[in-house]
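A.B. asks: One structure, as structure tokens, below. Some questions next.
The values are calculated or read from the model by the stated rules, or taken from the named source; none is laboratory data. Worth saying up front: this structure is predicted, and the values here are computed from it rather than measured. Because the Cβ atoms are built from the backbone with ideal geometry, glycine has one as well, and the counts that use them run over all protein chains shown.
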Amino acid sequence: MPTVLKWRAKDLFQLKAKMNLKLDENFGTRTQRLFEEAGHDVLTMRQEGLQGIADQQLYLVCCQEQRCLVTLDLDFSDVTRFPPERTAGIFVIRVPRNPSLAILEGLVRQLLKASEQIELKGKLLIVEVGRIRLHQSEVMDEGE
């Protein structure tokens, strides 16, 4: 007789792939907590004493640690300076002028929902109110 496994909704939530994230210095502890409560491993620039480092240096640190960068810095959306395919992922959260904490948290929840649906490794996501833009390189296999 085959074994039947039954899962509760909270068990399924825990089965999602865990992401290793690095939060840019713009984010506070409430945002960090949202990612942690979703089951992700989060390090912040503040925790590691990396505040004020150059963007290129932050990019290299994230590549070496294989951590997805979560940032508000639109400079990271430049794929020629910061190629996403070399990373675990780059997630740029684009906030409107004078955003409230509720808007920022809503954008983080949008990102978390997207992370449940698609593989994000090596991709650039630009998260905006009501939409997410996805950039992925168009590298072709040698056989094509």
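A.B. asks: Which count do you get for residues in the stretch 99-131 that are among the charged types (D, E, K, R) and within 14 Å of Leu69 (Cβ to Cβ)? Reasoning before the result, please.
C.D. replies: Taking the stretch 99-131 as the starting set, the residues that turn out to be among the charged types (D, E, K, R) are 105, 109, 113, 116, 119, 121, 123, 128, 131.
The next check asks that each one be within 14 Å of Leu69 (Cβ to Cβ); those that pass are 121, 123.
Residues that pass the stated criteria total 2.
A.B. asks: Count, please, the residues in the stretch 79-99 that happen to be part of a loop (DSSP other than H, G, I, E, B) and on the phi < 0 side of the Ramachandran plot.
C.D. replies: Here is the first cut: in the stretch 79-99, the ones part of a loop (DSSP other than H, G, I, E, B) are 79-83, 87-89, 94-99.
Within this subset, residues satisfying the condition of being on the phi < 0 side of the Ramachandran plot are 79-83, 87-88, 94-97, 99.
Selection size over the stretch 79-99: 12.
A.B. asks: Test Ile53 against the stated conditions and say whether it is without any contact (Cβ under 8 Å) to a residue 40 or more places away in the chain and either surrounded by 13 or more Cβ atoms within 10 Å (Cβ to Cβ) or of a type in the set (S, T, N, Q) (or both). Can you show your working first?
C.D. replies: Values: without any contact (Cβ under 8 Å) to a residue 40 or more places away in the chain: yes; either surrounded by 13 or more Cβ atoms within 10 Å (Cβ to Cβ) or of a type in the set (S, T, N, Q) (or both): yes.
Against the criterion (without any contact (Cβ under 8 Å) to a residue 40 or more places away in the chain and either surrounded by 13 or more Cβ atoms within 10 Å (Cβ to Cβ) or of a type in the set (S, T, N, Q) (or both)), Ile53 qualifies.
A.B. asks: If you don't mind, there's one more thing I want to ask. Quick one: would you say Thr31 is touching a strand residue (DSSP E or B) at 6+ places or on another chain (Cβ under 9 Å), β-branched (Val, Ile, Thr) and either surrounded by fewer than 13 Cβ atoms within 10 Å (Cβ to Cβ) or not in a strand (DSSP E or B) (or both)? Full working, then the answer.
C.D. replies: Values: touching a strand residue (DSSP E or B) at 6+ places or on another chain (Cβ under 9 Å): yes; β-branched (Val, Ile, Thr): yes; either surrounded by fewer than 13 Cβ atoms within 10 Å (Cβ to Cβ) or not in a strand (DSSP E or B) (or both): yes.
So Thr31 passes the test.
A.B. asks: Is one or more of the residues making up the stretch 115-134 on the phi > 0 side of the Ramachandran plot and at pLDDT 95 or above?
C.D. replies: So the first thing to find is which residues in the stretch 115-134 are on the phi > 0 side of the Ramachandran plot, and the list is 122, 130.
Applying the additional criterion that residues be at pLDDT 95 or above yields none.
Scanning the stretch 115-134 turns up no residue that is on the phi > 0 side of the Ramachandran plot and at pLDDT 95 or above.
Table: residues versus (1) modelled with pLDDT under 95; (2) farther than 17 Å from Ala17 by Cα.
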site	(1), (2)
Thr31	yes, yes
Leu50	yes, yes
Gln57	no, yes
Cys68	no, no
Val79	no, yes
Pro96	yes, yes
Leu104	yes, yes
Ser137	yes, yes
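A.B. asks: Scan the stretch 59-78 residue by residue and report those that are of a type outside the set (A, V, I, L, M, F, W, C) and either surrounded by 22 or more Cβ atoms within 10 Å (Cβ to Cβ) or on the phi < 0 side of the Ramachandran plot (or both). Steps first, please.
C.D. replies: Restricting attention to the stretch 59-78, the residues satisfying the condition of being of a type outside the set (A, V, I, L, M, F, W, C) are 59, 64-67, 71, 73, 75, 77-78.
If the condition is that a residue be of a type outside the set (A, V, I, L, M, F, W, C) and either surrounded by 22 or more Cβ atoms within 10 Å (Cβ to Cβ) or on the phi < 0 side of the Ramachandran plot (or both), then Tyr59, Gln64, Glu65, Arg67, Thr71, Asp73, Asp75, Ser77, Asp78 are the ones that fit.
A.B. asks: Do we have Ser100 as surrounded by 12 or more Cβ atoms within 10 Å (Cβ to Cβ) and among the hydroxyl-bearing types (Ser, Thr, Tyr) here?
C.D. replies: Numbers: surrounded by 12 or more Cβ atoms within 10 Å (Cβ to Cβ): no; among the hydroxyl-bearing types (Ser, Thr, Tyr): yes.
No.
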